[in-house]
Protein chains: 2
Amino acid sequence: LMSEMRETVKQRFNTVGSRRRFWESLLDGPVPEMVFGGQDDAAKRAIQAAIDTDDDKSFTQGEVYLVGAGSGDPDLLTFKALRLMQKADVVLYDRLVSPAVLDLVRRDAERIYVGKKRDYHAVRQEEISANLVSLAQAGKVVVRLKGGDPFIFGRGGEEIATLADHNIPFQVVPGITAASGCACYAGIPLTHRDYAQSVMFVTGQLKDGSLNLNWDALVQPQQTVVIYMGLMGLSVLCSKLMEQGMSADMPIALVERGTMPEQRVLTGSLSTLPAIVAGETMHAPTLIIIGEVVALHDQLAWYEGESNSV
Amino acid sequence: LMSEMRETVKQRFNTVGSRRRFWESLLDGPVPEMVFGGQDDAAKRAIQAAIDTDDDKSFTQGEVYLVGAGSGDPDLLTFKALRLMQKADVVLYDRLVSPAVLDLVRRDAERIYVGKKRDYHAVRQEEISANLVSLAQAGKVVVRLKGGDPFIFGRGGEEIATLADHNIPFQVVPGITAASGCACYAGIPLTHRDYAQSVMFVTGQLKDGSLNLNWDALVQPQQTVVIYMGLMGLSVLCSKLMEQGMSADMPIALVERGTMPEQRVLTGSLSTLPAIVAGETMHAPTLIIIGEVVALHDQLAWYEGESNSV
């Protein structure tokens, strides 16, 4: 029956992709049951009706999934994330997606590296968004894979705003953000009845040797502060926090490659950690946790990975 | 060979559980290869050596996995969480774990509901911790399942501190916290280059009609504030924030049953949302998001679930 109709379908749909999608959508509907049930005429009429209704445009619209790849351990991927990674025609990923996670993308999917540098590149971000739009318009199922969670320092909002402007369907899949993954694997509760009633996430990227942070908001009682991308600015951060009134003894941890087999946790205080870190070779990604809760690491650390905590 | 040794094993180990664990540990070792390789005598000697070394105590130590169950959608479970849920002898869960997630626990596992009420019950928390200890000491594989992430308002730190005190092995598995799940499914980026450089999580539980919050920390520029468990205190929260200088026009969203099919998103401003919510019947769990980013919901909402946004 399909071969009988093939020529008609070929005339109606111009691309291999839209023909394949036409047949796929047909096979998902009632037609196969009609054929199995001996209703060949009904099946033919249904196919003809579908041909009359659909055209290339019905099957060239792609979709974009903005997916959080989590903090590094592939075991922390969500089911939804993996399913979409397995469905993708194209995957755009950046520097923070761990190789172990990237290995789980569908074998024959096209992989595009759009790794962002530490510094700010407005044009680059616009290019990524434009790329997502044109791939989806070409009918591709696109996964935009981001380290951690797409809505926490992922600039995911900007990318889907561009998609929305172009009426491209999208979904957003949360991921285990670095703060959550590193805290759990380092044995440092982010909130705790006795030590922290709130937790705050900020980025700590150095700009011309200084940090543009709201110090007033950071130096507050009973609060845990998590700094993303703060390794380069660690010394400046610690000095400035002490200058703003935070105790020099405040516990602080640097989690290197959190949730990955190479995880290391360096702990100290605002006055001691910069020197401890300066004596080590550090590898991205890193995360900084500041607050009384960090002192619990000694008792609550459980993840050994391949190396040991310092 | 196993039936030959059965009587000896029975005499050495008193419980069915420790006998089962003895055989399991043996089958994980080199003994099966010896048998398959025709080295029956070597296998017998290895089994006898294991019997001489091990006793009941070797196989009665259980383990506790503190597992984040995520924000509600079972599709947002991590692979690690599901695997441990499938391995558990006993699962302790509370009110915030969605029924759809609980359905994925191993069929024959014992389920213990330890749901906590809104108010603070110190004794209750101590009971849960004591329960975890005694189950692990009885040799059980215990999963302590918590809504969201165990280290973000989960009081997970207290539970594993008790385990550490009793030398019970444990692991902590991060989960998609409500802030992350609700933000993604509601189309509200928590951070955004133009509107928010930081995000803060607090709890908003009413106590004697008032909220014990650090208002100074909440009212800060370019910051998104997420309030867990804040529905009952919504009116007080909005009034107080305006009193402390936050604009009456500041966008605010209440996400009901976020990431679940029944998800609803109610949006307004500090001055209008309490009246909007008062006109609706709300169901737990709910999450409040405050900040300029909330205005993006109109453009970026994508998740339809079964009902519609208001």
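Read-outs throughout are calculated quantities, based only on the coordinates presented, and are distinct from any laboratory measurement. This is a predicted model, so every value here is computed, not measured. FYI the Cβ positions are ideal-geometry reconstructions off the backbone, even for glycines, and counts take in every protein chain you see.
The table for this structure:
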item	result
Every residue from region A:185-208 that is over 24 Å from A:Arg264 (Cα atoms), facing another protein chain (nearest Cβ under 7 Å) and not small (Gly, Ala, Ser)	A:Arg193, A:Gln197
Residue in region B:78-98 that is farthest from the other protein chains (Cβ to nearest Cβ), counting only those that are polar (S, T, N, Q) and farther than 24 Å from B:His283 by Cβ	B:Gln86
Region B:153-179 - residue that is facing chain A (nearest Cβ under 8 Å), within 21 Å of B:Pro99 (Cα to Cα) and of a type in the set (A, V, I, L, M) and, of those, surrounded by the most Cβ atoms within 10 Å (Cβ to Cβ)	B:Ile176
Check on B:Gln137, more than 14 Å from every other protein chain (Cβ to nearest Cβ) and polar (S, T, N, Q)	yes
Filter result (surrounded by fewer than 17 Cβ atoms within 10 Å (Cβ to Cβ), more than 13 Å from every other protein chain (Cβ to nearest Cβ) and part of a loop (DSSP other than H, G, I, E, B)) within region B:274-307	B:Gly279, B:Glu280, B:Thr281, B:Met282, B:His283, B:Ala284, B:Glu306, B:Ser307
